[in-house]
Every structure is written in structure tokens, then in C-alpha cells.
Amino acid sequence: MKRYLRQIALFFSPLFAVLLLYVIMDPFRVLREYEVYYTSGEADYVVLNRGYVGTETFAQQHPRHRYDSFIFGNSRSLFWQVRDWQPLLHEGASCFHMDGSDESLYNVHRKIRYLDSEGVRIRQALLVLDFSLLGRAEAQTGHLTATPPRLTGYRNILSFHGAFLLAYLDPRFLLAYYDFSVFGTYREYMRDHNVLNAEPMAYDAMTNEIRYPQFEHAIETGTYYTGKRKALFYKRREDIPSSPACIGPTQLRLLTDIRDIVERQGSVLHVVVSPLYNQRALHVRDRATLQEVFGMQCVHDYSGVNDITEDFRNYYELSHYRPHVAARIMREIYATEK
């Protein structure tokens, strides 16, 4: 019997070692608290859950900075820079990014409810959305999109950490992570499926803002829109259909609850539909629903064919537009408000 148990232990010892390393290394930074989750000027390599980083950073920093102005949205809202937004707001506005990778309406709703439950005064808010965000009204399961446990009262803590453990045990991640950890060399195969990310970033822990200044520098020097990167920007059709209607009863309930919270708080909320390179307009029914819920003056639809989406130089790639686009939209929004 002892021999049998030793054989079993020997058989599973590699798995035990891998799991022990997971606890020690904490590659996704979800097992322990961190004062700062990114090192500014360096690559993060292991892609983190932006929603989790934002929520935990907010919880740590809010007692010091007393945030009252928030940017919500998916990764397209990353480039809505505080330095462009803050001058348009009330004096002394304290701004914070609460974005999430591939964000869902469900997560946005949970974040706003969390802030409200914590007694946080939301004086100003930007909700940057698109068809993708609006269409997701249920809790997500992937490790990069999972709802941070703090937003659910820790009811999802097992499924949350289970998602990260599964992502860690993916052979592609294990190979890339420990190859890089041991040899310190980033290899091209690590880029596949976004396993590791070697792009350095500028990070401001006070605002939870990420920027990639090297992209803007390359654009200024004429070295960005070349080769494979320029080839990404395909020729659009003449007759581009709108996105399918996606606001159903669940989305309407979440949107209405967001509206009720900001109205009760007296918040100034602006909802922006992102200008995407695919030039697919938000469905007219969805736009009408947003206007009905939040008011026509608060909904700003930049989707579809317009002077922003016509010019590929307004984009880093097919999914993300540049900071000057967001800055222009903000100026137009707040000029109208004033």
C-alpha cells in the first residue's frame, strides 16, 4: 500500500510543483495585494485582468485621493486621457480609470453599484461603449474578463480564481512563462494568442491610466504605418450594415439601474459610442434606447461612417483609436454641455 501511495505521489509530483510555483510566483497578481500592479516604462509581460487591477487600485488609493470622476469602458477607453479630461471638469476633479479588458455591461454596472455602495460621490462619469460592450450583460468566465470579487461581495471568488488557475495550466502559458522566467528572453512565439506582452507602457497608479508613448513617437517619425501594420487597414465596403440590435431586457435593466444611481447622486454622465474602424453604426433601435434611458443630450454616437472613422491614421490598429480622437470627442461633449 505504501509503495502504491509513493507511486501516486511520484506521478503527481510535477503537478504539485507547478501548483506550488503558481502560489509562489503569482503570475497574474491575484493571490496577494500589490501597492502597484505595473512598473511604468516596462512591459507587463503577463497580461493582467484590468478590471481587477482597477478595482484593487481604487480600493487602496481612494482614501488618499478621494476620487469623484470616473471613466468606464473596455480597452478602447484606455486612451481617454485624464490630462485631456480634467481641465473640462469641475475644479479639483479627482479622476480614475475603471476600464476592463473586453469589458461587459454587466461589469460596468457592478462597478457603478460598488462605488455607490461604498459611499463614493460620482460627480462626473464617462461611459465609453460599443456593440461589443452592450451585448455582454452576463458575468464573463475568462480570466481577463472575470468580474473582480470585490464587486460581488466575494460571492464569485472560487470561479474567479478557478479561471486564473485554468489559464495558468494552459501548456502555451506554462511554456512561455517559465521559458521567459528562466532565460529572460522574449521570443516571438510568446506573442501568439496574447500569451505574453512585451510592449512597454507608461503607467500612472494614481489614475490607473496606461499609455504607449512609443506608438505616438513612431507615428510622429513616420515609422508606424508601414508594412504589416499598414496592411491591417483594409478597404471598407460602400454599403456597411449597422450592428445588430443588442439591447434586450437584461441590458435595459442594467442601464436603467445605472441611470437611477447617477440621477440619485446628481452625477453628470456622458455616454459615448466609440468610432470604430469597421464603420458599423450602432443599431438605430439601440441608440434610441440609450437616448430614452439617459437623455438625448447625454448620448453621443460616433459610430458609423464619419470623418474620424474614414482616416486610418486615427487608429493604432483595427480596435483602438488614438488619444487625440478621444480628446476631440471630450471637447465636443463638454462644449455642448456648457
Alpha carbon centre of region 98-124 versus region 225-303: separation in Å?
18 Å
Relative to the chain, whose Cα atoms define the longest principal axis, helix 249-265 and its Cα axis are tilted in degrees, nearest 10, by 70 degrees
Across 5 Å bins from 0, what is the distribution of all Cα-Cα pair distances for region 40-337, in whole percents?
1, 5, 11, 15, 18, 18, 15, 10, 6, 2, 0, 0
Viscosity 0.890 mPa s, temperature 25 °C: what is the translational diffusion coefficient of region 161-254 from Stokes-Einstein with a Kirkwood Rh over Cα pairs, rounded to a whole number of µm²/s?
135 µm²/s
Show which aspartates and glutamates lie in cross-link reach of Lys230 when reach means a straight Cα distance below 16 angstrom and same-chain residues fewer than eight apart are skipped.
Glu216, Glu220, Glu310, Asp311, Glu317
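Throughout, read-outs are computed from the coordinates displayed, never taken from laboratory work. Since the model is a prediction, treat every value here as computed from it, not as a measurement.
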